[in-house]
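Read through the structure below, which is laid out as structure tokens, and then see the notes.
FYI, it's all coordinate maths here, none of it is from the lab. Because the structure is predicted, anything quoted here is derived from the model rather than measured. Because the Cβ atoms are built from the backbone with ideal geometry, glycine has one as well, and the counts that use them run over all protein chains shown.
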Amino acid sequence: MIHGNDKGRIDTLAGMLVLFVLGCIAFAFAMTLRASWRVDGIAAEESRTELRKALDDAHTTLGKRAIEYSVWNDAVDHLVLSFDADWATANVGPYAERLWRLDRSVAVDGADRLLYASADGALLATAGAAMEEVAALRPVFEAARGSAGTASGIVAIGQELYLFGASVLDREPGWTGPPLPAPLPVQVFLRSLRHELVRIGEDRNIARLHFDPAAGGPLASETPILHEPLTDISGRPVGSVAWVPERPGSLVIADAAPYGAAFSIALAALLLLFLRALLRLRRQDALHLSEARLVQAQRIARLAHAVHRSDGRLEASALLETMLGGPAGALTRLSDYLGHVPEDRRAELEEAYRAAWERRERFDLEYPLRCADNESLHVRELGEPVTDGSGRVQGIITVIQDITDRRRAEELIRYQARFDPLTNLPNRTMFFERLQQEIRRAQREGVRAALLFIDLDRFKWVNDTLGHGTGDLLLREAAARLQACVRETDTVARLGGDEFTVILSAIRSEAEVDRIVRRILATLEEPFQADGRTLHISASIGITFAPDQGTDPQVLLKNADVAMYQAKQRRAEHWIRYSRDMDADALERLTLEGDLRKALRSGAELELLMQPIVAMDSGRMTGAEALLRWHHPERGTLPPEEFVPMAETSGLIIPLGNWVLASAGRQLAEWRAQGLDDLRLAVNVSAVQIMHPEFERTVRGVIEANGVAPDRLVLELTESVMLDSSGHTLERMRSLHALGVRFALDDFGTGYASLNGLKQLPVSIVKIDRSFVHSMEENAADREVIGAVVRLAAALDIATVAEGVETPEQYSLIRATGCAFAQGFHIDPPMPAARFTRMAAGRDAPAAVVNG
């Protein structure tokens, strides 16, 4: 029989269980409410962030629109120098308003006098209201002039607030004429804040978005509302933007409330049933009572459980047997369960069970399980020993939860944080971890590691011209080729863009590194197939070694990057090992790049020299090759080979090439004005330039702006254009050739030229490289090569020009080959354009013309 004390303990235990369940219900409701408030708060902050981003995007977009329509030679000509209302309507204010859904636009001169005012897509006929706007916009004009040329923000005009984008009206970069006097005129584009808020509310799904001039007034007493304060161009508060945020947490609470009530009622009913069952279990021992309570709780919570008996028997719940995929009753002994645990984790679990039996310790473990169908899942097991009144352990009760989905999500997050999603290579974070490991290994074992910094040449052109989809395909293929070139112990990583790194571990010699580098270069130079196109790229590689050249990962990466740039500059080598003197070269390159940017802004330090080209049969001048010189204030006069490679890698080659083309166009116009319109001018064009999408339009603009005959302009290209298999370069050349522009193939015979390529390109002139000319006096083979080139060109109706003719003997030998034209120091060295013009004007007979 159960004594009164035992009954009292059971009643106390029952009362505690009731309080525990009620407390769990209250806790669950409290946590649910807290979670809903937190979700509502997060949603509100997200809507605030979304609104701020939308307003920032609107400011940025208006600023970009303003500078697009303001830093424009035509705008200066038609708005500032002489106002053309029809042009303004068709090109700036009214046109921009209709195109970009603007409300107003205003332009003033340097004294803030109105140039034009427009509203709703049409110029204003009267100036009264417009002058009021001009007065309100004066802070905007000052902001545009005081910034880098553009400004954006909020401004009040009367009682209305507007978003604005403003920019000074100025000439385009590369303009070499006289600058506009200060202060500069300004053009302003305006969009009503009310209209923009309507658009943002619709696009971003922000409820009841509106402007609140009171900066905090309630929308409705029962409706929560958020405010984002606004300031105008002068920094003064002008009110706020107000909106009703979404309340997903409250909606969930409202939707779940009926189910929660039903669940509470059901739980209360279950609790009553449990108490009734507990009364019937008073005659059972304490362990059976604990088991019954555990079964009830697990049934409600849907958690698997197991009871470990002292005799080795295991009482497993049906849910646990279902999780493991076995038949009912398959888990009767502890050994049955341990058979599903991997061997490398089994000892840890057995030790936890032993500690629970012997030392009454609780445990909390996570480990994998093998299911009957060979699938695996990950579980978390929490166990606690159960004791009798004397403190003796009678069994262990464990709760087993399937956490497979959680672990998979965690593994995915860890993977994404350490691997590049495009190529599946280690990303920058994992690269630095691996590099640090290799440095420590090198120091510990007395070995060396090599770091390769790889940059894909011409990848930016592929991305810009053929699109990011093609660029991504190329990057994935390049990553696969890199991995195939290295050992299993090495690491290939992508830092971003077209930059890759390779960590070579435990290298035996530098010769071993050289072999791997050559293998990488060879495999990357093989043709790539992407979207039905055959693409050719190459790579530049910088190499550094650890620990002798550094033990800091950042220092090693810098070393390899500096060496890679040196390889890119030298072109022919493609890979270079780092040395300490390269740091000074890198600093000098950065300094030179900054100086070139300044020189391009002013144009005063740059000059085109003219080297005459003469007809071999008559000695008459037919034109000149324009040779760029940079008169550096500290370094003196620099030839192109000292700064053009840097310009190509830094992106400055495009504005530099545009400056050369514009200067050549003006020179041709000057010759035409002096009656020398039979002279041709050859301009060197980088392969990077002609691959740029705007190249053709730039050339056409130079010809039209200067009113010169297109066939007077000769564009000299190197043989590297034959490597462009995309067809875009050939299309641009054919289009310009159809206009009349002539193309010359420079340094012929030293690069990639082939007969088939020469036939495909619309080339009118072939320039024989000076290396053949210099050695032709002693080398009969070179004379034969030149003669063969002349005959080949003649068969294709292509003129030939010999470069670098420096002696009378070379001149005579070149003439004997039948070459039509020549240039070099024997004829005349490069000279200032003014001197060349005087020489050309002093000829008695008209100059012969290069056949094109």
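Starting from the Cα-Cα distance between L273 and R101, subtract it from 0.36 nm times their residue separation and give me the gain in nm to one decimal. Could the numbers behind the result be given before it?
On the way: separation 172, 0.36 × 172 = 61.92 nm, distance 6.97 nm.
Length gained, L273 through R101: 55.0 nm.
Every Cα-Cα pair in region 530-657 was counted, and those over 26 Å apart are 44% of them.
Amide H contacts of A530: L535, each under 5 Å away and 5 or more positions distant or on a separate chain (H built 1.01 Å from N in the peptide plane; Pro and chain starts excluded). Pop the C-beta distance of A522 and D336 into the FRET formula with R0 = 51 Å and round what comes out to the nearest 0.05. In this case the efficiency is close to 0.30. Using alpha carbons only, how many angstrom separate the centre of region 648-720 from the centre of region 419-465? Taking the Cα centre of each part, region 648-720 and region 419-465 sit 41 Å apart.
Rg(Cα) of region 342-392 divided by 2.2 N^0.38 Å? Intermediate results must be reported in sequence, preceding the final value.
Numbers: Rg = 13.6 Å, N = 51, 2.2 N^0.38 = 9.8 Å.
Normalised by 2.2 N^0.38 Å, the Cα Rg of region 342-392 equals 1.39.
Volume per residue for region 593-841 equals 128 cubic angstrom (convex hull of Cα atoms). Once backbone amide H atoms are built at 1.01 Å from N, G153 has F164 as its partners under 5 Å, excluding neighbours fewer than 5 places away on the same chain.
In the chain, one over the average inverse separation of all distinct C-alpha pairs is 35.4 Å, which is the Kirkwood hydrodynamic radius. Remark on R680: its backbone amide H falls under 5 Å from those of G623, A624, a criterion applied only to residues 5 or more positions apart or on other chains, H modelled at 1.01 Å from N.
For T32, what is the net charge nearby, where nearby means another residue's Cβ is under 14 Å from its Cβ and Lys, Arg count +1, Asp, Glu -1? Summing Lys/Arg as +1 and Asp/Glu as -1 gives 0.
Computed across region 424-579, the Kirkwood radius stands at 15.6 Å (inverse of mean 1/r, all Cα pairs). The sum of -39500 (n - 2.57) across all DSSP H runs of n ≥ 4, divided by the residue count of the chain, sets its helix-only mean residue ellipticity at 222 nm to -15500 deg cm²/dmol. Annotation: peptides 499-505, 374-380, ranked by per-residue average of other Cβ atoms within 10 Å with the highest first, follow the order 499-505, 374-380.
Which helices pass in the chain if a helix is a full DSSP H run, must span at least 27 angstrom along its long axis by Cα, and must have mean Kyte-Doolittle hydropathy not below 0.0? Before the final figure, lay out each step's value.
Values: long enough: 4-70 (97 Å, 0.09); 248-280 (46 Å, 1.51); 581-602 (32 Å, -0.64); 653-673 (30 Å, 0.35).
The qualifying helices are 4-70, 248-280, 653-673.
Would you tally the net charge around F453, using a Cβ to Cβ cut-off of less than 9 Å, leaving F453 out, and scoring K and R as +1, D and E as -1? My count for the surroundings of F453 gives -3.
Stokes-Einstein diffusion for region 285-418 at 20 °C, viscosity 1.002 mPa s, with a Kirkwood radius from C-alpha pairs, works out to 136 µm²/s.
Note down, for region 39-192, the three equivalent ellipsoid semi-axes (square root of 5 times each alpha carbon gyration tensor eigenvalue), biggest first, whole angstrom.
Details: eigenvalues 165, 62, 40 Å².
Working from the Cα gyration tensor, I get semi-axes of 29, 18, 14 Å.
Relative contact order of the chain: 7 percent, from C-alpha pairs under 8 Å at least 6 residues apart in sequence. Would you mind checking K598/K767; K53/K558; K568/K598; K460/K598; K53/K598 for any pair whose Cα atoms are more than 29 angstrom apart? The answer is K598/K767; K53/K558; K53/K598.
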